[in-house]
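What follows is a single structure, written as structure tokens, with notes after it.
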Amino acid sequence: MRTSVVLLTYERPDALALALRGLARQRLAPDEVIVTDDGSSPSTRACAVHEARDFPCPVVFLTQEKRGARMSRARNRGIAAARGDYVIFLDGDQVPARDFVADHVAFARPGSFVQGSRILASAETTARLLAVGGLDVSPFEPGLERRRHALRAPALWWLFGWRRRSRRGLKSCNFAFWRDDLVRMNGFDEDMIGWGLEDGELAERGYHLGLWRRDLRLGGGVIHLWHGPPSVLSADNPNRRIYDATLASGRVRCEHGLDAHLAELAGPLPDLREEAARAASPR
């Protein structure tokens, strides 16, 4: 089982540095990390190159033209570039625990996708972690919400890991699918632009395909760094219409999705570690 971590980022190189350092120190390294950028300035790529220097696996960087928030397209490009059997989605402002990849690998089962958990760090805690390069928090540390997700107890995964089909709490950060299932569904719907519901809509099509949801709790956690007040889904969000149409139609595949990128990203892609090594070598 080969694993690909698809890491979505946009204009947060300080947070991206911590996310990549968290992936570099995994007890079980992924087979590759694909950083997929939604149109950031050059400092984001420079950060990825810098952090790739001592990485234990290949690091690929993808970007796209800045034309508003196109998270679905950016993630689809990451899926298209992935060579792994299993794709774990992470956001660039999330710091994974040391056992993040190992826990996802141990928890994966055919015929299902996985919803992971996250700790929410306050603005103050986030500032401290960024200042010192911190990758871990104690469950007793102030400035945390959902601090229970800092605990790890694999023996208790069965309490939350039963198969179900639920819409509650679906989030494309800390989300994992078999790549073949993503191909069958044509990935994320790229007609969904801006914030909200692209993750839930993908899950609904997964349910139509016959997949089950399994929640990974007490393991596989991440620290979600502060990025302002939580976004609120407005009643007139156009993504709502697409989501409702998916529910009504029972469709499995979206029209505009992953298949638009498969040919472009099928070949070998540059490994940022090589660029980092060239930059570090004496001239």
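The values are calculated or read from the model by the stated rules, or taken from the named source; none is laboratory data. All values reported here derive from a predicted model rather than from experimental measurement. Positions of Cβ are generated from backbone atoms using ideal geometry, with glycine treated the same way; all protein chains shown enter the neighbour counts.
When ALA176 is tested against (1) without any contact (Cβ under 8 Å) to a residue 60 or more places away in the chain; (2) in contact with a helix residue (DSSP H, G or I) (Cβ under 9 Å, 6 or more places away or on another chain), just one condition goes unmet, and that condition is (1). Name every residue in region 1-18 that is part of a helix (DSSP H, G or I) and touching a strand residue (DSSP E or B) at 6+ places or on another chain (Cβ under 6 Å), in order of residue number. LEU16, LEU18 - these are the residues of region 1-18 that are part of a helix (DSSP H, G or I) and touching a strand residue (DSSP E or B) at 6+ places or on another chain (Cβ under 6 Å). As a summary of the residue check, GLU65 satisfies the conditions (1) more than 22 Å from ARG12 (Cα to Cα); (2) more than 16 Å from the chain's Cα centre (by Cα) except for the one numbered (1).
Please work out if HIS256 is under 21 Å from the mean Cα position of the chain (by Cα), within 30 Å of GLN26 (Cβ to Cβ) and not acidic (Asp, Glu). Write out each step before concluding.
Details: under 21 Å from the mean Cα position of the chain (by Cα): yes; within 30 Å of GLN26 (Cβ to Cβ): no; not acidic (Asp, Glu): yes.
Judged against the criteria, HIS256 is not a match.
Only one of these is among the aliphatic types (A, V, I, L, M), free of Cβ contacts under 8 Å to residues at least 24 places away in the same chain, within 14 Å of GLY78 (Cα to Cα) and exposed (fewer than 11 other Cβ atoms within 10 Å of the Cβ): ALA248, ALA263. Name it. Of the residues listed, the single one that is among the aliphatic types (A, V, I, L, M), free of Cβ contacts under 8 Å to residues at least 24 places away in the same chain, within 14 Å of GLY78 (Cα to Cα) and exposed (fewer than 11 other Cβ atoms within 10 Å of the Cβ) is ALA263. Kindly evaluate VAL35 against the criterion of being of a type in the set (A, V, I, L, M), farther than 26 Å from ASP181 by Cβ and touching a strand residue (DSSP E or B) at 6+ places or on another chain (Cβ under 9 Å). For VAL35, the condition - of a type in the set (A, V, I, L, M), farther than 26 Å from ASP181 by Cβ and touching a strand residue (DSSP E or B) at 6+ places or on another chain (Cβ under 9 Å) - is not met.
Here are some residues: PRO154, PRO96. Which one is at pLDDT 95 or above and either surrounded by 23 or more Cβ atoms within 10 Å (Cβ to Cβ) or of a type in the set (A, V, I, L, M) (or both)?
On the way: PRO154 fails: either surrounded by 23 or more Cβ atoms within 10 Å (Cβ to Cβ) or of a type in the set (A, V, I, L, M) (or both).
Going through PRO154, PRO96 in turn, just one is at pLDDT 95 or above and either surrounded by 23 or more Cβ atoms within 10 Å (Cβ to Cβ) or of a type in the set (A, V, I, L, M) (or both): PRO96.
When LEU130 is tested against (1) part of a loop (DSSP other than H, G, I, E, B); (2) in contact with an Asp or Glu (Cβ under 9 Å, 6 or more places away or on another chain), just one condition goes unmet, and that condition is (1).
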